[in-house]
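Here is the structure we will look at.
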Amino acid sequence: MPFLFAGIAVLTVLMTVLPARGVIPRNAVAGIRIPSTMSSDEAWTQGHRAAIVPTIVAAVVSVIVSVVLTVCRAPDGPIQVLIPAMVLVGGAGIGMYAAGRAAKRL
């Protein structure tokens, strides 16, 4: 299970870092697509820059939690998926909040 969360975490971080660096332009498929970040190219970039730290922290913590659950031999089932997923989704939510605030400041 840790490999699954490592892959998802890397993808989540990439979908924040690449738009922040201008590699992925504003689009309807990838990145943080909320009204404030979609309002302009500058809002898109600044919003993603603001979301980098919370997204990376959540990704790292999610993988650590998944590894700990595996090493401690937590029973197979929903707990091994739900807890790391909640951490990652929570971090993504904080990242979206930060992105929205940064984009609205422009």
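The values are calculated or read from the model by the stated rules, or taken from the named source; none is laboratory data. All figures in this text were calculated on a predicted structure; none of them were measured in a lab. Every residue, glycine among them, receives a Cβ derived from its backbone with ideal geometry; neighbour counts consider all protein chains shown. Heavy atoms of the whole protein, side chains included, go into the accessibility calculation; ligands, DNA and RNA do not. Shrake-Rupley method; radii C 1.70, N 1.55, O 1.52, S 1.80 Å.
All alpha carbon pair distances within region 1-102 were sorted into 10 Å bins beginning at 0; the resulting P(r) in whole percents reads 18, 43, 25, 12, 2.
Charged side chains reduced to their Cβ positions (Lys and Arg at +1, Asp and Glu at -1) give the chain a dipole of some 280 debye around its Cα centre. Counted residue by residue at 0.36 nm each, then reduced by the alpha carbon distance between them, the extension gain from Val29 to Val53 reaches 6.5 nm. Across region 19-24, rounded Karplus estimates of 3J(HN,Hα) from the backbone phi angles (6.51 cos²θ - 1.76 cosθ + 1.60, θ = phi - 60°) give x, 5, 8, x, 6, 10 Hz, Gly and Pro being marked x.
Surface composition of the chain: carbon plus sulfur atoms hold 72% of the accessible area, using a 1.4 angstrom probe and ignoring ligands, DNA and RNA. Of Met86, Ser66, Met15, whose Cα points farthest to the positive end of the dipole of the chain (charges on the beta-carbon: +1 Lys, Arg; -1 Asp, Glu; origin at the Cα centre)? Working it through, the farthest residue towards the positive pole turns out to be Met15. Phi angles across region 92-106 convert, under the Karplus curve 6.51 cos²θ - 1.76 cosθ + 1.60 with θ = phi - 60°, into 3J(HN,Hα) values of 5, x, 5, x, 5, 4, 4, 5, x, 5, 5, 5, 6, 6, 6 Hz, Gly and Pro given as x.
For region 41-96, the Cα-based Rg and Dmax, in that order, read 14.0, 46 Å. Largest to smallest in accessible area, the residues Leu69, Leu14, Leu106 fall in the order Leu106, Leu14, Leu69 (1.4 Å probe, all protein chains included).
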